[in-house]
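The values are calculated or read from the model by the stated rules, or taken from the named source; none is laboratory data. Here the structure is a predicted model, which means the values were calculated and not measured. Backbone-built Cβ (ideal geometry, glycine too); neighbour counts: all protein chains shown. Keep in mind that these areas ignore ligands, DNA and RNA; they rest on the heavy atoms of the full protein, side chains included. Shrake-Rupley method; radii C 1.70, N 1.55, O 1.52, S 1.80 Å.
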Amino acid sequence: MPFSPSDFSLLAQGMGVFVLVSALVTGVSFARKWGWRFRFVGVTLFSVVLTVGLFALSLAPITRTAVAGAVPYALVYDRFTAEATIALPPTVTLPQVEATLRQAASNLFSPGRNGQGKEHLTIRARTLLHVADGVSQPVYLGQVRRSLRRRDDPDLSITLFTDRFTPEGQVRNPETAALTSLLSQS
């Protein structure tokens, strides 16, 4: 079960109480000159580090978004700038591409992305079709554009390349006649 930001907030509050109690015990141990007082300084400081970490996790969610109908994808290109590419299986359908693009747009958002002067993150979805023996062709199926600055982007724009799908919604095999003739000539 993944933790939500509210779970981390609750854990940070509990650790904060523990830090206050351990700081009080550390103060008493120094006042009474107990032999283990320096060990308790380490316990208190380590607890402070844990509390800060839990507080940071409560601010930024680390959970992934799940969109109904999305298929698993592989991130094949992402330099943490304004462009990324995901790979989908060749058996993907048109509705699955749209759902997967929505999911990727949410999961790949990060406020620390370097847009290099651009205001939008563009995520392209592609698949590989094997057009001949030992030859694969990348086929781009769609793209999504979202804001680099806002997590909940109201202007999310999904473009599906419908000409690359059959009327049934399956990925269309590209025309291979020209490619086959080129391969036979070499």
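Please name which of Val43, Ser136, Pro95 has its Cα lying farthest along the dipole of the chain towards the positive end, using unit charges on Cβ (Lys, Arg +1; Asp, Glu -1) and the Cα centre as origin.
About the Cα centre, the residue reaching furthest to the positive side is Val43.
Take each complete run of DSSP H in the chain, measure how far its Cα atoms stretch along the helix's own axis, and keep only those covering 27 Å or more with mean Kyte-Doolittle hydropathy at least 0.5; list them.
Numbers: long enough: 5-32 (40 Å, 1.20); 37-59 (34 Å, 1.75).
The answer, listed by residue number, is 5-32, 37-59.
About its Cα centre, what dipole magnitude does the chain give when the only charges are +1 on Lys and Arg Cβ and -1 on Asp and Glu Cβ, stated in debye to the nearest 20?
Details: 18 positive and 12 negative charges, 225 e Å.
With Lys and Arg at +1 and Asp and Glu at -1, about 1080 debye.
Per residue, how many Å² of accessible area does the chain show with a 1.4 Å probe?
Values: 11700 Å² over 186 residues.
I get 63 Å² per residue for the chain.
Given a cut-off of under 8 Å on Cα pairs at least six residues apart, what relative contact order in percent is computed for the chain? Don't skip to the answer; put the middle values down first.
Details: 280 pairs, mean separation 31.3, N = 186.
Result for the chain is 17 percent.
Going through region 1-41, which trypsin sites (Lys or Arg not before Pro) have at most 10 other Cβ atoms within 10 Å and a DSSP loop state?
Working: sites: Arg32, Lys33, Arg37, Arg39; in loops: Lys33.
Within region 1-41, the qualifying trypsin sites (Lys or Arg not before Pro) (loop, at most 10 other Cβ atoms within 10 Å) are Lys33.
If you place +1 on the Cβ of every Lys and Arg, -1 on the Cβ of every Asp and Glu, and leave all else neutral, what size is the dipole of region 68-145 about its Cα centre, to the nearest 20 Debye?
200 debye
Per DSSP H run of n ≥ 4, the term is -39500 (n - 2.57); total these for the chain, divide by its residue number, and report the mean residue ellipticity at 222 nm rounded to 500 deg cm²/dmol. Don't skip to the answer; put the middle values down first.
Details: 4 runs with 74 residues, N = 186.
Calculated at 222 nm, the ellipticity per residue is -13500 deg cm²/dmol.
Tabulate in residue order the Karplus-calculated ³J(HN,Hα) for region 69-81, using 6.51 cos²θ - 1.76 cosθ + 1.60 with θ = phi - 60°, rounded to whole Hz; enter x for Gly and Pro.
Per-residue couplings from phi come out as x, 6, 9, x, 10, 10, 7, 9, 8, 7, 9, 6, 10 Hz.
If I compute solvent accessible area with a 1.4 Å probe over the protein chains, what percent of it on the chain is carbon and sulfur? If you can, show how the numbers build up before the last one.
On the way: 7030 of 11700 Å².
So the carbon and sulfur contribution to the accessible surface is 60 percent.
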